1. Tell me which helices (runs of 4 or more DSSP H) are completely within the stretch 183-283 and hold 3 or more residues being modelled with pLDDT of 85 or more, or say none if there are none.
2. Hey, any hits in the stretch 125-135 for a residue that's under 19 Å from the mean Cα position of the chain (by Cα) and either at pLDDT below 90 or on the phi > 0 side of the Ramachandran plot (or both)?
3. Before we move on, is E101 among the charged types (D, E, K, R), touching a residue at least 24 places away in the same chain (Cβ under 8 Å), surrounded by 19 or more Cβ atoms within 10 Å (Cβ to Cβ) and out of contact with any Gly (no Cβ under 7 Å at 6 or more places or on another chain)?
4. (1) crowded, with 19+ Cβ neighbours inside 10 Å; (2) not assigned by TED's automatic domain parsing to the domain that holds R37: which one isn't true of A82, the others all being true?
5. So for the stretch 276-283 (the condition being without any contact (Cβ under 8 Å) to a residue 60 or more places away in the chain and touching a helix residue (DSSP H, G or I) at 6+ places or on another chain (Cβ under 9 Å)), does at least one residue qualify?
6. Listed residues I118, I161; which is in contact with an Asp or Glu (Cβ under 6 Å, 6 or more places away or on another chain), more than 29 Å from Q34 (Cβ to Cβ) and buried (at least 17 other Cβ atoms within 10 Å of the Cβ)?
7. Check off (1) more than 24 Å from the chain's Cα centre (by Cα); (2) surrounded by fewer than 18 Cβ atoms within 10 Å (Cβ to Cβ) for I88 and give me the number that stays unchecked.
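The values are calculated or read from the model by the stated rules, or taken from the named source; none is laboratory data. This is a predicted model, so every value here is computed, not measured. We place every Cβ from the backbone using ideal geometry, glycine too, and count neighbours over all the protein chains shown.
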Amino acid sequence: MLLKLLVFIFSMISVAAIIYSLYPLFESRAKKWQVKRVAKMAPSLDRMFLDVSMKKLMILDTLSPIVCGIIAYVVTSQIIFALGAAFIGLLLPVIVIKQLERGRRKKFSAQLVDALMILSSSLKAGLSLFQAFEVLVEEMPAPMSQEFNLVARQVHMGIPIEEAMSDLKKRMKVEELDMVVTAMMVARETGGELPETFSRVAYTIQERNKLLGRVNALCVQGKLQGVIMSIIPVLFSIAVYKMDPHFFDIFFQDPMGKMLLGYAVISQLIGMVVIKHLSKIDI
């Protein structure tokens, strides 16, 4: 194992030396490609309030495929797996950032009802909407506090509250937040009571989340039934094969048997796709 690892490392060094010698030929193009790639990732990190410099991001982006390739080779001792892992490592930074964004949106959505209740209580206590934002920043954890702190700073700099909230909606891309911003804008334009508006929207979101929970439970049940129905024929075939290994010979030797086997497999796949499609319910 140690000898193979040394051979792999020396091979990587040799490849690196060759690439380095040829690097001036494609240096400009490679640098532009990486800078463009990193430049696409940087705004996402900024939106999540993660302070990572472009230099560090480029280093991480460069090391990711190398480290993944070495680890895969140490584990499998196969060049092909190492190359595959290196390719995955090339995609890894983008995947991690998207997962972080998804987790942040999910956490923000979970905090939204509590945030609306704080805003409603603050407004009922006689505070202005800007002061209610400041109370929210002090009371709520991240990411809610970070996002509304940015909103409060924008308003303090003279940006209209409606525009600041629209920017928040674009950053977070949370469906429930669209309801909040729309309701707030309508209430401000029509002279409605903001405390009552926030309370009603919070109640609506709570009921919607309860309904989503029940629907998701039913969807999971449907998907589980689909998985079980898909596995049963496979398990039955394995059991029959164990009892009589030649039972299925006709399906592989006779042309009609091959057609029936193909029809069965295709029907099974179509059934799985249909069940998965029927289990999706948008609310």
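1. Values: elements: 194-243, 249-253, 255-278.
It comes to 194-243, 255-278.
2. If we filter the stretch 125-135 for residues that are under 19 Å from the mean Cα position of the chain (by Cα), which is where we start, we get none.
No, the conditions are met nowhere in the stretch 125-135.
3. For E101, the condition - among the charged types (D, E, K, R), touching a residue at least 24 places away in the same chain (Cβ under 8 Å), surrounded by 19 or more Cβ atoms within 10 Å (Cβ to Cβ) and out of contact with any Gly (no Cβ under 7 Å at 6 or more places or on another chain) - is not met.
4. Just one mismatch for A82, condition (2).
5. To start, the set of residues in the stretch 276-283 that are without any contact (Cβ under 8 Å) to a residue 60 or more places away in the chain comprises 276-278, 282.
The next check asks that each one be touching a helix residue (DSSP H, G or I) at 6+ places or on another chain (Cβ under 9 Å); those that pass are 276, 278.
The answer is yes; a qualifying residue exists.
6. Details: I161 fails: in contact with an Asp or Glu (Cβ under 6 Å, 6 or more places away or on another chain).
None of the others qualify; the one that does is I118.
7. (1)
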